[in-house]
1. How about the range B:164-196: which of its residues are crowded, with 24+ Cβ neighbours inside 10 Å, part of a helix (DSSP H, G or I) and either among the β-branched types (V, I, T) or not assigned by TED's automatic domain parsing to the domain that holds B:V214 (or both)?
2. For A:T202, all conditions in the list (1) surrounded by fewer than 22 Cβ atoms within 10 Å (Cβ to Cβ); (2) more than 14 Å from chain B (Cβ to nearest Cβ) hold save one; what is the number of the exception?
3. Got a sec? Which of A:I217, A:I291, A:I226, A:I261 is buried (at least 19 other Cβ atoms within 10 Å of the Cβ) and touching a residue at least 60 places away in the same chain (Cβ under 8 Å)?
4. Could you tell me which numbered condition A:L204 fails, if it satisfies all but one of (1) closer than 18 Å to A:D34 by Cβ; (2) touching a residue at least 40 places away in the same chain (Cβ under 8 Å)?
5. Take the range B:227-254 and flag every residue that is under 15 Å from B:H292 (Cβ atoms) and assigned to a loop (DSSP other than H, G, I, E, B).
6. Considering only residues that are closer than 22 Å to A:M213 by Cβ and either of a type in the set (S, T, N, Q) or part of a strand (DSSP E or B) (or both), which ones fall in the range A:113-153?
7. For residues that are outside any loop (DSSP other than H, G, I, E, B) and away from chain A (no Cβ under 12 Å), scanning just the range B:37-55, find the one that is nearest to B:D196 (Cα to Cα).
8. Any chance the range B:126-133 includes a residue that's surrounded by fewer than 15 Cβ atoms within 10 Å (Cβ to Cβ), at positive phi and within 14 Å of chain A (Cβ to nearest Cβ)?
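The values are calculated or read from the model by the stated rules, or taken from the named source; none is laboratory data. Note that the structure is a prediction, hence the values are computed from the model and not measured. Here Cβ is always computed from backbone atoms with ideal geometry, including for glycine, and neighbour counts include all displayed protein chains.
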Number of protein chains: 2
Amino acid sequence: MEQNASTTTTVTATALSPQNIKPLFKSIQAFLFDCDGVIWKGDKLIEGVPKTLEMLRSQGKKLIFVTNNSTKSRKQYANKFLQLGLTVTEDEIFSSSFAAAMYLKINGFPQDKKVYVIGEEGILEELALAGYTGLGGPEDGKKSVQLKPNCLFDHDKSVGAVVVGLDQYINYYKLQYGTLCIRENPGCLFIATNRDAVGHMTDLQEWPGAGCMVAAICGTTQKEPIVVGKPSTFMMDFLLKKFQVDTSKMCMVGDRLDTDILFGQNAGCKTLLVLSGVTTLSDLEDPSNTIHPDYYTSKVADVFEFLEQCP
Amino acid sequence: MEQNASTTTTVTATALSPQNIKPLFKSIQAFLFDCDGVIWKGDKLIEGVPKTLEMLRSQGKKLIFVTNNSTKSRKQYANKFLQLGLTVTEDEIFSSSFAAAMYLKINGFPQDKKVYVIGEEGILEELALAGYTGLGGPEDGKKSVQLKPNCLFDHDKSVGAVVVGLDQYINYYKLQYGTLCIRENPGCLFIATNRDAVGHMTDLQEWPGAGCMVAAICGTTQKEPIVVGKPSTFMMDFLLKKFQVDTSKMCMVGDRLDTDILFGQNAGCKTLLVLSGVTTLSDLEDPSNTIHPDYYTSKVADVFEFLEQCP
């Protein structure tokens, strides 16, 4: 039966099990974790995460947290981990907010140019740490527009980049501001932290993700963004510089096929899909799905359980 | 010189002039006008419009106003015309707000199902006139979300269609509401009034158009909408029933290539681009442009002037 099944589909994901976990575990030096839907949902830890991370550290594995959620800075993420009872340092965290700031830095974006932010505090914090002046963000969430004759909506001509991420305070003011910068400031960059359609902003349900705000700006500017978060491999360059580990000895653990798993595959990592977030088993097995992780399992804690149970 | 120019490009638009206007004018029984950028910019009439429309009526031409701007109902548009000193009846106005309601009616959308609106008063008014219950719209512009644990964002399971148009009160609440209806209510329709990237919401500049809000919902639902406004020919079916004029005897006058001119061409009308709105002469002449109207001119009033001057 199993042989027949495997001949009908050439690429399939293997269910992680006590039988096959040992060789994978031994070959991996660093585990890369997505956060939303993997470590937590909203503000709730997913069952069994603390003991699993603790076990991995005790076995000498490096832990790296790679999140597309741009609403927090690395510092804010370290605080969130701490509040959930997990000790994770800023150095172990790679957020798309950080990636946006690093993209500007690596590409020599001038310090005297400003950056307009459609997004939250995390992006502004990372921009400031990188020495840039950010405008917009939560502050502009309270602003409204006046659609009146002879009323000109003005924008800062020294804005040289617009960074768009998840923004729960999105409004028409910000959409117009970002659009004007991209359309009217010569050479203005359009950077997307990521394009996730939805995300677990709360434990109980999914909410519009950065892909919503990014698409809105694509719709009005008719331009495509530079994406710095997953599945773009931009963050991997940083990871590789900091953690001297060959990507074949890394395992990307995530709940999304089109960001996490694709990111891992693009970089040459092993990949493990967990079904504790946005992707269901039927999404994975759907004939229209073209992204197949090496392994899949229900949740991160299975790694702990299966290692305990393995022969 | 002119001969050479015409051999390099097979399809070109002809500049309207006193020399060529007479045959065009004689062949046309109905003029279809876009409004924003053609009749007015924001709340200001474009120069020479009143005398031109008056002359056209006096010459027995039918006038029809076809606008993608969904923020007003036909009744509200008739009031706007009146305030600007122009007498236009509701029967002569075809707005995308009306088109959205008519799409539901024609397709037998049940009266007991509700319609969630990301958009403004015009859509709600037209829905009500068609006998439908609209939710959302301006009212939800003041609502905010609570991203808290154990907090479920609830939505009405009897919503069977989401209509998305230009919405200056767009916010995260509406984006989540519309997304939940489309993703979770079985068979829920996703209708876009139009996909204009920008529009002259004020006389002095352009603002994000319905294309911005529609793209945002595409980004989060990963679905494509049914478009009822231009360039979709959906509204033309109504026009043709009401005004018994062959489309070859209609001339579509608009300021946008990808909506107005394409709409006219899709329906088999003559087309006249006016440069008083979003399209510039260099946009028209750009090699990347594939939409070529029959004629172009600077503004509607040229029709008046050229007919006065013609030999």
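1. Answer for the range B:164-196, where residues must be crowded, with 24+ Cβ neighbours inside 10 Å, part of a helix (DSSP H, G or I) and either among the β-branched types (V, I, T) or not assigned by TED's automatic domain parsing to the domain that holds B:V214 (or both): just B:T179.
2. Among (1) surrounded by fewer than 22 Cβ atoms within 10 Å (Cβ to Cβ); (2) more than 14 Å from chain B (Cβ to nearest Cβ), A:T202 violates only (2).
3. It is A:I217.
4. (1)
5. B:P231, the sole residue that qualifies.
6. Matches in the range A:113-153: A:K114, A:V115, A:Y116, A:V117, A:I118, A:T133, A:G134, A:L135, A:G136, A:S144.
7. B:V49
8. no
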